[in-house]
Amino acid sequence: MSQITNTVLMIRPVQFRMNEQTAVNNFYQKNSENILPETVNAMATQEFDSMVEKLRKANIQVIVVQDTKEFDTPDSIFPNNWISFHKNGTIGLYPMFAKNRRLERKESILEAVEAEGFVIDTVVDYTEAETDGVYLEGTGSILLDRENQKAYCALSARADEELFIEFCEDFEYTPVVFSAYQTVNDKRKLIYHTNVMMCLGTTFAVVCLASIDDKKERKNLLKHLHEDGKKIIEISEDQVNNFAGNMLQLKGTDHRSYLVMSQSALDSLRPSQVQMLEGHATILSSPLDTIEACGGGSARCMMAEVFLPKSASN
């Protein structure tokens with residue numbers, strides 16, 4: 001099973017802004033009170049379009065769905081939190097912490113993916129957990145090593161351990177569980193999503209080991225990465241704050257491998273880290289300053305990887 005795909009789903013924003021419902025535990029968000037909401041959305045849309053253009057130039061297939069104003073969905077630009085697509089035609093639907101983010105799950109988006117010739121056979125739906133106040137936010141909370149059938153999860157208010165274990169049983173992944181922290185006003189607070197402090201590639205892993213305070217958990221994480229032959233590229237908490245953990249490896253239709261990240265993530269890396277990463281993939285960066293500041297998410301969050309099979313007629 002391949003770890004990387006050449007197709008991603010991306011949602012073009014229509015009312016992007018800082019989401020007050022997610023800011024309670026996403027400490028990467030910054031208030032944009034001084035800028036008109038229309039201006040914020042226009043800036044974010046420009047960043048979105050520029051990134052899509054770069055991905056397509058690299059021969060990566062991007063399924064773009066235009067969001068609508070039907071619901072108030074300021075974070076719709078981050079679809080990887082509510083859906084995951086799998087090789088066997090299964091999709092996962094996930095319970096979301098913020099009530100206005102639950103409105104992002106739309107049948108029309110699944111139809112847009114199917115319209116591109118992809119087959120959805122089975123839906124595994126965890127969204128009922130929302131009624132119990134239990135959340136697991138897709139591939140934001142879960143990092144999948146699809147080749148080695150392992151799933152990594154940093155527990156938080158948005159990543160429930162029991163539900164994560166249930167996911168691993170359903171999708172036949174070995175769970176690797178830990179807690180990751182960041183320093184906020186001199187206090188250690190849980191990092192809201194695993195994919196902020198860690199990225200899994202085919203032959204490498206980018207990880208902020210300093211965020212894992214428990215030595216046993218850190219040792220266990222390293223054990224799994226080492227036994228699967230991953231080259232570990234360590235990043236600092238300051239680099240995590242610049243979204244250097246929020247990367248995604250993809251492949252072009254020409255089978256060339258790319259590591260997609262924001263410009264701020266790339267700028268935060270030391271030359272030696274860049275050199276190590278370039279040994280595994282071609283770096284593809286794009287400026288996402290508005291999206292990062294107001295949304296508290298970056299390049300990886302914007303892309304839901306499509307691993308679904310194609311229909312026979314395609």
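Check off (1) aromatic (Phe, Trp, Tyr); (2) over 29 Å from Gln15 (Cα atoms); (3) under 15 Å from the mean Cα position of the chain (by Cα) for Phe243 and give me the number that stays unchecked.
Of everything listed in (1) aromatic (Phe, Trp, Tyr); (2) over 29 Å from Gln15 (Cα atoms); (3) under 15 Å from the mean Cα position of the chain (by Cα), Phe243 misses just condition (2).
Report, by residue number, each residue of the range 248-276 that is within 19 Å of Leu9 (Cα to Cα), among the hydroxyl-bearing types (Ser, Thr, Tyr) and either at pLDDT 95 or above or in contact with a Gly (Cβ under 8 Å, 6 or more places away or on another chain) (or both).
Residues satisfying the conditions are Ser257, Tyr258, Ser262.
From the list Thr183, Thr127, pick out the single residue that is of a type outside the set (A, V, I, L, M, F, W, C), at pLDDT below 95 and over 26 Å from Gly201 (Cα atoms).
Just one listed residue meets the conditions, Thr183.
If Ala210 satisfies all but one of (1) surrounded by fewer than 21 Cβ atoms within 10 Å (Cβ to Cβ); (2) within 23 Å of Glu278 (Cβ to Cβ); (3) modelled with pLDDT of 95 or more, what's the number of the condition it fails?
Against the list (1) surrounded by fewer than 21 Cβ atoms within 10 Å (Cβ to Cβ); (2) within 23 Å of Glu278 (Cβ to Cβ); (3) modelled with pLDDT of 95 or more, Ala210 comes up short only on (2).
Considering only residues that are in contact (Cβ under 8 Å) with a residue 40 or more places away in the chain and assigned to a helix (DSSP H, G or I), look in the range 112-138 and name the one that is surrounded by the most Cβ atoms within 10 Å (Cβ to Cβ).
Result: Gly138.
Among the listed residues Phe171, Phe167, identify the single one that is buried (at least 19 other Cβ atoms within 10 Å of the Cβ) and not acidic (Asp, Glu).
Within the list Phe171, Phe167, the selection yields Phe167.
Can you tell me which residue among Lys189, Lys219 is of a type outside the set (Asp, Glu), surrounded by fewer than 21 Cβ atoms within 10 Å (Cβ to Cβ), part of a strand (DSSP E or B) and over 19 Å from the mean Cα position of the chain (by Cα)?
Lys189
Contact list please: Cβ distance under 6 Å, first residue in the range 57-78 and within 20 Å of Ala293 (Cβ to Cβ), second residue among the β-branched types (Val, Ile, Thr), pairs at least six apart or on different chains.
Asp67/Ile11; Asp67/Val14; Ser76/Ile11; Ile77/Ile11
Conditions (1) touching a His at 6+ places or on another chain (Cβ under 6 Å); (2) in a strand (DSSP E or B); (3) farther than 21 Å from Asn6 by Cβ, marked per residue:
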| site | (1), (2), (3) |
| --- | --- |
| Phe243 | no, no, yes |
| Val260 | no, yes, no |
| Gln273 | no, no, yes |
| Met276 | no, no, yes |
| His280 | no, no, no |
| Ser285 | no, yes, no |
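May I ask you to list the residues in the range 61-105 that are modelled with pLDDT of 95 or more, among the basic types (Lys, Arg) and closer than 17 Å to Pro13 by Cα?
Arg102, Arg105
The values are calculated or read from the model by the stated rules, or taken from the named source; none is laboratory data. Note that the coordinates shown come from a computational prediction; the quantities given were computed from them, not determined experimentally. Reconstructed Cβ throughout: ideal geometry from the backbone, glycine too, with neighbour counts over all protein chains shown.
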